Amino acid sequence: MASQLLQGKKGIIFGALDERSIAWKTALAAHEAGAQLVLTNAPIALRMGKINELSKLCGDAPVIPADATSMTDIENLLQKSMETFGGKIDFMLHSIGMSPNVRKNIEYTGTNYDNFHKTLDISALSLHRILQSAMNLDALNEWASVVALSYIAAQRTFPGYNDMADAKALLESITRSFGYYYGFKKKVRVNTISQSPTVTTAGSGVSGFDVFLSYAEKMSPLGNASAEDCANFCVTMFSDYTRMITMQNLFHDGGFSMTGVSQAIVEDEQKLASGV
Ligand SMILES: NC(=O)c1ccc[n+]([C@@H]2O[C@H](COP(=O)([O-])OP(=O)(O)OC[C@H]3O[C@@H](n4cnc5c(N)ncnc54)[C@H](O)[C@@H]3O)[C@@H](O)[C@H]2O)c1
């Protein structure tokens, strides 16, 4: 994306772990579009990941650790970001997801509730915390844009996606609810992008992920949306060209969500039935 769509804008990107991360690609695309960035992730992810590499690629963007479940960390992040930028923030990407139940292969029907709480806390309530802290600190400019990443398991059941499905449903609900209040108060917009399955650390942790990926590819008229395409869509959502969109869940999935069945899936089934 060569245009300077985000020239003069300042934003925080949460969740770039490595070069496969959707947040990593979004940081690169936002930097290329002219934005000034602060990068953040959980302290443990900063130690294990490669964020300093990304920082160099984004004009030595400062890296500020923040566990998204800690109000203190988030407030510190927002305050330091405003000091760095010399002013308020224009956009934020929430690209955070983790389920201990998924990690430990604990099935949905036999869930561990401590883990379940952590899933909701990290993957959904974190958005509420970020928005509440931003509102308390008056950290966002008018017409600022906040985007969080979701998945269609919020609307339809995908076995193996486990309690992340409930976390995504909550994330989308917080987007609508907080988007209402922040819109009236400060014209801040809040949206989720519901992305195709994408090969990343978080994505690949879901059981049966490779099948999700190939099934979605066959079901989607445009094919699966790549992480790069998602990054470009995020840049568009951060820009002034989308300033009247808020409280929405926007499908970025090559048409998957609107397709009942595709010819490719029908043919697969026919082959199975005929034993070929
Ligand atoms: N990969 C997919 O198939 C897919 C599809 C739709 C939506 N998404 C969503 O996109 C987002 C980004 O995931 P990704 O696929 O790029 O994978 P990823 O593993 O690269 O990113 C997940 C990030 O969450 C961060 N994180 C976890 N716990 C945290 C905490 N306590 N505090 C702060 N950060 C924390 C991780 O460090 C990591 O950087 C997630 O919300 C994910 O659910 C992914």
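Read-outs throughout are calculated quantities, based only on the coordinates presented, and are distinct from any laboratory measurement. Because the structure is predicted, anything quoted here is derived from the model rather than measured. Note that each Cβ is placed from the backbone with ideal geometry, even for glycine, and that neighbours are counted across all protein chains shown.
General observations
- Of LYS56/LYS88; LYS56/LYS168; LYS168/LYS271; LYS25/LYS80, pairs whose Cα-Cα distance is over 30 Å: LYS56/LYS168; LYS168/LYS271
- Applying 1/(1 + (r/R0)^6) with r as the Cβ-Cβ distance of ARG47 and LYS104 and R0 = 25 angstrom yields a FRET efficiency of 0.70.
- Cα convex hull volume per residue for segment 10-274 (Å³): 126
- Helix 22-32 and the longest principal axis of the Cα set of the chain meet at an angle near 50°.
- Given charges at Cβ of Lys, Arg, Asp, Glu: segment 10-274 dipole, positive-most of GLN270, GLY11, MET164: GLY11
- For the chain, adding -39500 (n - 2.57) for each run of n ≥ 4 DSSP H residues and dividing by the number of residues yields -13500 deg cm²/dmol at 222 nm.
- Cβ-based charge dipole, segment 10-274, positive-most Cα from SER95, SER194, SER145: SER145
- Segment GLN4..SER173, full-extension length gain: 57.6 nm, with 0.36 nm per residue of separation and the alpha-carbon distance subtracted.
- Tilt relative to the chain, helix 209-219 - C-alpha long axis, 0 to 90 degrees, to 10: 80
- Gain upon complete extension [SER226, SER70; 0.36 nm per residue less C-alpha separation]: 53.1 nm
- Ascending count of other beta-carbon atoms within 10 Å, so fewest first, for ARG103, ARG176: ARG103, ARG176
- Theoretical FRET efficiency, 1/(1+(r/R0)^6), r = Cβ-Cβ of ASP114 and ILE245, R0 35 Å, to 0.05: 0.40
- Simple point charges give the picture: +1 on the Cβ of Lys and Arg, -1 on the Cβ of Asp and Glu, and for segment 66-196 a dipole about the Cα centre of about 320 debye.
- Folded to 0 to 90 degrees: helix 71-85 orientation relative to the chain principal axis, Cα: 60
- Between ALA264 and THR157, the simple spin-label model (points 7 angstrom out along Cα→Cβ) gives 2.6 nm.
- The simple spin-label model puts a point 7 Å past each Cα toward its Cβ; for SER207 and PHE184 those points are separated by 4.4 nm.
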